[in-house]
1. List the extent of the Cα atoms of region 64-158 along each of their three principal axes, largest first, rounded to whole Å.
2. Could you pull out the chymotrypsin sites (Phe, Trp or Tyr not before Pro) across region 96-205 that fall in loop regions by DSSP (anything but H, G, I, E, B) with no more than 12 other Cβ atoms inside 10 Å?
3. In whole Hz, with x marking every Gly and Pro, tabulate ³J(HN,Hα) for region 39-55 from phi via Karplus 6.51 cos²θ - 1.76 cosθ + 1.60, θ = phi - 60°.
4. Give me the percent of the accessible area of the chain that comes from carbon and sulfur atoms, probe 1.4 Å, all protein chains in place.
5. Mind listing the long-range amide H neighbours of Gly182? Cut-off is under 5 Å, sequence gap 5 or more, other chains count too, H placed in the peptide plane at 1.01 Å from N.
6. Each residue of region 14-20 in order: what ³J(HN,Hα) in whole Hz does its phi give by Karplus 6.51 cos²θ - 1.76 cosθ + 1.60, θ = phi - 60°, with x for Gly and Pro?
7. What are the semi-axes of the equivalent ellipsoid for the chain, taken as the square roots of 5 times the Cα gyration tensor eigenvalues, largest first, in whole Å?
8. What list of ³J(HN,Hα) couplings, whole Hz, do you get for region 24-37 from phi and the Karplus terms 6.51, -1.76, 1.60, once you set θ to phi - 60° and write x for glycine and proline?
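The values are calculated or read from the model by the stated rules, or taken from the named source; none is laboratory data. All values reported here derive from a predicted model rather than from experimental measurement. Glycine also receives a Cβ, built like all others from the backbone with ideal geometry; neighbour counts cover every protein chain displayed. Surface areas here come from the heavy atoms of the whole protein model, side chains and all, with no ligands, DNA or RNA. Shrake-Rupley method; radii C 1.70, N 1.55, O 1.52, S 1.80 Å.
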Amino acid sequence: MTNRAQQALDVLDDAGRKVLFTEARTANTFAEVAVADDELAMIWELARWSPSAANGQPLRVLFVRTHEGKERLVRHLDEGNRAKTLSAPAVAILAYDVDFHEQMPTVFPARGEMLRAAFADQVDRRESLAAYNSALQTGVFLLAVRAAGLAAGPMAGFDRADVDEEFFAGTSRRSQLVVGIGHPGADPWFPRLPRVPVEDALAWA
């Protein structure tokens, strides 16, 4: 048997770790600086490489940038999330597609037709899988916003049923998270909160 040489992977440098992890924060205010189409396209170009079960990729993104669009959105948000959403240059409504299985022949050519048929009558299972895998993709989406040199302000405080009716009526999409996107404004960060102690978070077997 021939042993294949293990390929060495690149290690993210300290500057990259700071941008994506150790110094990254949730933005609570945004500067009055526009976010360009190219910047939003860059975010998706990075985020779309996220892992997902069987490469199903259920995450869908609706970018809301007009004042009218934001007004339609904020009436379904918790009161504390409205002002910062209106001030964000761009807002992403992250959703999952319950009918993600229809794309399986495209995203998993070797077994796509089999998977599409297997999921066809399993609506509850598709819902569960789509919600879980889109949450995984959502984490990568937030990293992609940071990698694009922008700040993200994720918000879960909203009426999902109302947002779905407002923006996704008649479709198989279900809202997951609302994310303000832009450059940080005045006093954008709350104080850094503690992390779970390592000894409570990690175990070794």
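1. 47, 29, 21
2. On the way: sites: Tyr96, Phe100, Phe119, Tyr132, Phe141, Phe158, Phe167, Phe168, Trp189, Trp204; in loops: Phe168, Trp189, Trp204.
Here the sparse-neighbourhood loop sites are Trp204.
3. Going residue by residue, I get 5, 5, 5, 5, 4, 5, 4, 7, 5, 6, 8, 4, x, 7, 4, 6, 6 Hz, with x marking Gly and Pro.
4. Numbers: 6870 of 12550 Å².
Solvent-exposed carbon and sulfur of the chain make up 55 percent of the total.
5. Under 5 Å from the amide H of Gly182: Ala151.
6. Per residue, the Karplus-derived 3J(HN,Hα) values read 4, 4, x, 4, 5, 5, 8 Hz.
7. Values: eigenvalues 176, 137, 55 Å².
The three semi-axes for the chain are 30, 26, 17 Å.
8. Per-residue couplings from phi come out as 6, 9, 7, 7, 10, 9, 10, 6, 7, 10, 5, 9, 7, 4 Hz.
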